[in-house]
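Reviewing the structure listed below.
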Protein chains: 2
Amino acid sequence: MNANDTDLREGEVRFINEAPFAPDGQLRFIGRVRSPWRSRSDCPKNLREARERGGSALLEIAAPYRPALSGLAPGQWIMLLTWLHEARRDLALQAPRHAAEPRGTFSLRSPVRPNPIGLHLVRIVGLDASTGSIAIDAVDVLDGTPLLDIKPYLPSVDIPPMEAD
Amino acid sequence: MNANDTDLREGEVRFINEAPFAPDGQLRFIGRVRSPWRSRSDCPKNLREARERGGSALLEIAAPYRPALSGLAPGQWIMLLTWLHEARRDLALQAPRHAAEPRGTFSLRSPVRPNPIGLHLVRIVGLDASTGSIAIDAVDVLDGTPLLDIKPYLPSVDIPPMEAD
């Protein structure tokens, strides 16, 4: 879903003079997310809200990618990368309802970004590699959102190191 | 860099019957990573190793995307998404040197994946939005790696919630 200048909130700014799509940056969708959320207005704003609201959340992994699930197991925390296919991509400054004034896109977790990739830390609660079905504890994206990647969560690199503070 | 069956280690398996690239999944490169690492054999395996080895690490943000840096500041932890442009994309099972037997791609943090997107939690140590230059504490990708996104790190959603254990 794209948009134009008439869709801007006060203080919002679009990117100008963007380069064309990178010819070597093409994605494969490895599956889809199944969630209870059918419209953007109904979709939880983040995973904390999604966990509070409950409801089932599933990943459907396409057949070619199911062998790559080997080694994942229920109870494990994973990072999902999703393609937020309904998000506009053209805003440099955004005026979220919770913020007093417009903020740069890269300082926000809004789905609106030049590459609308979502990052979600979730827990596997059930997994059937043969059918490519993974039940997860919650998810904060629309039903049908394409899935790009699953990565194991590793506290050794995914939490800021103590010595850096 | 692509590869074929002759490049497989014992136990490695390629994806078969993959779908074509998603027509609506096209990326924009928002900048590049500058690192000391010029070859894959020299590149640290993860951020912990990169921090131990030291050396400068920079993000160069392309001009159209610099206004979106507003709100980021030195000291802040950010998640980078990178496009690991030299990684092959065709392996379902991989035989990393540290593992006793082959493992599914989605249970590994290897750069080899259907969508070679890297995820890196780093700290901003200096930022000049006017030139698009961001110094970071360390990085574990090759010099010149395309940058896809910058997200603020939010412990409220980026650490597993206590109540789930």
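Go through A:123, A:89, A:109 for me and flag whichever is out of contact with any Leu (no Cβ under 7 Å at 6 or more places or on another chain), closer than 26 Å to residue B:26 by Cα and at the interface with chain B (Cβ under 9 Å from one of its Cβ atoms).
Sole residue among the options that is out of contact with any Leu (no Cβ under 7 Å at 6 or more places or on another chain), closer than 26 Å to residue B:26 by Cα and at the interface with chain B (Cβ under 9 Å from one of its Cβ atoms): A:89.
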- Query: With respect to residue A:28, is the statement that it is in a loop (DSSP other than H, G, I, E, B) and more than 11 Å from every other protein chain (Cβ to nearest Cβ) true?
  - Reply: no
- Considering every residue within the stretch B:69-91, establish whether at least one is farther than 30 Å from residue A:87 by Cβ and of a type in the set (Lys, Arg). no
- Item | Exclusive hit being of a type in the set (A, V, I, L, M), assigned to a loop (DSSP other than H, G, I, E, B) and crowded, with 20+ Cβ neighbours inside 10 Å, set A:99, A:138, A:73 | A:138
- Looking at this structure, is residue A:29 under 15 Å from the mean Cα position of the chain (by Cα), open to solvent by 20 Å² or more (accessible area, probe 1.4 Å) and of a type in the set (A, V, I, L, M, F, W, C)? yes
- Query: What residue, among those in the stretch B:102-129 that are without any contact (Cβ under 8 Å) to a residue 24 or more places away in the chain and of a type outside the set (Asp, Glu), is surrounded by the most Cβ atoms within 10 Å (Cβ to Cβ)?
  - Reply: B:105
- Note on the structure: Going through the stretch B:142-165 in order, the residues found to be in contact with a Phe, Trp or Tyr (Cβ under 7 Å, 6 or more places away or on another chain) and among the aliphatic types (A, V, I, L, M) are B:142, B:147, B:148, B:150
- Just checking, which of B:22, B:73 is small (Gly, Ala, Ser), within 30 Å of residue A:101 (Cα to Cα) and either out of contact with any Gly (no Cβ under 7 Å at 6 or more places or on another chain) or more than 7 Å from chain A (Cβ to nearest Cβ) (or both)? B:73
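If I ask for residues that are among the hydrophobic types (A, V, I, L, M, F, W, C), touching a residue at least 24 places away in the same chain (Cβ under 8 Å) and assigned to a loop (DSSP other than H, G, I, E, B), which ones from the stretch B:141-164 would you list? Explain how you work it out, then say what you get.
From the stretch B:141-164, those among the hydrophobic types (A, V, I, L, M, F, W, C) are B:141-142, B:147-148, B:150, B:154, B:157, B:159, B:162, B:164; that's our starting set.
Still in the running and touching a residue at least 24 places away in the same chain (Cβ under 8 Å): B:141-142, B:147-148, B:150.
B:141, B:142, listed by residue number.
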- Task: Kindly establish whether residue B:78 is open to solvent by less than 50 Å² (accessible area, probe 1.4 Å), of a type outside the set (D, E, K, R), within 20 Å of the chain's Cα centre (by Cα) and more than 30 Å from residue A:137 (Cα to Cα).
- Result: no
- Query: Is one or more of the residues making up the stretch B:47-69 open to solvent by 50 Å² or more (accessible area, probe 1.4 Å), modelled with pLDDT of 95 or more, in a loop (DSSP other than H, G, I, E, B) and out of contact with any Cys (no Cβ under 9 Å at 6 or more places or on another chain)?
  - Reply: no
- From the list B:116, B:155, B:146, which residue is in contact with a His (Cβ under 8 Å, 6 or more places away or on another chain) and more than 8 Å from every other protein chain (Cβ to nearest Cβ)? B:116
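The values are calculated or read from the model by the stated rules, or taken from the named source; none is laboratory data. Worth saying up front: this structure is predicted, and the values here are computed from it rather than measured. Cβ coordinates were reconstructed from backbone atoms using ideal geometry, including for glycine residues, and neighbour counts include every protein chain displayed. Just so you know, the surface numbers come from the protein's heavy atoms only, side chains and all, with ligands and any DNA or RNA stripped out. Shrake-Rupley method; radii C 1.70, N 1.55, O 1.52, S 1.80 Å.
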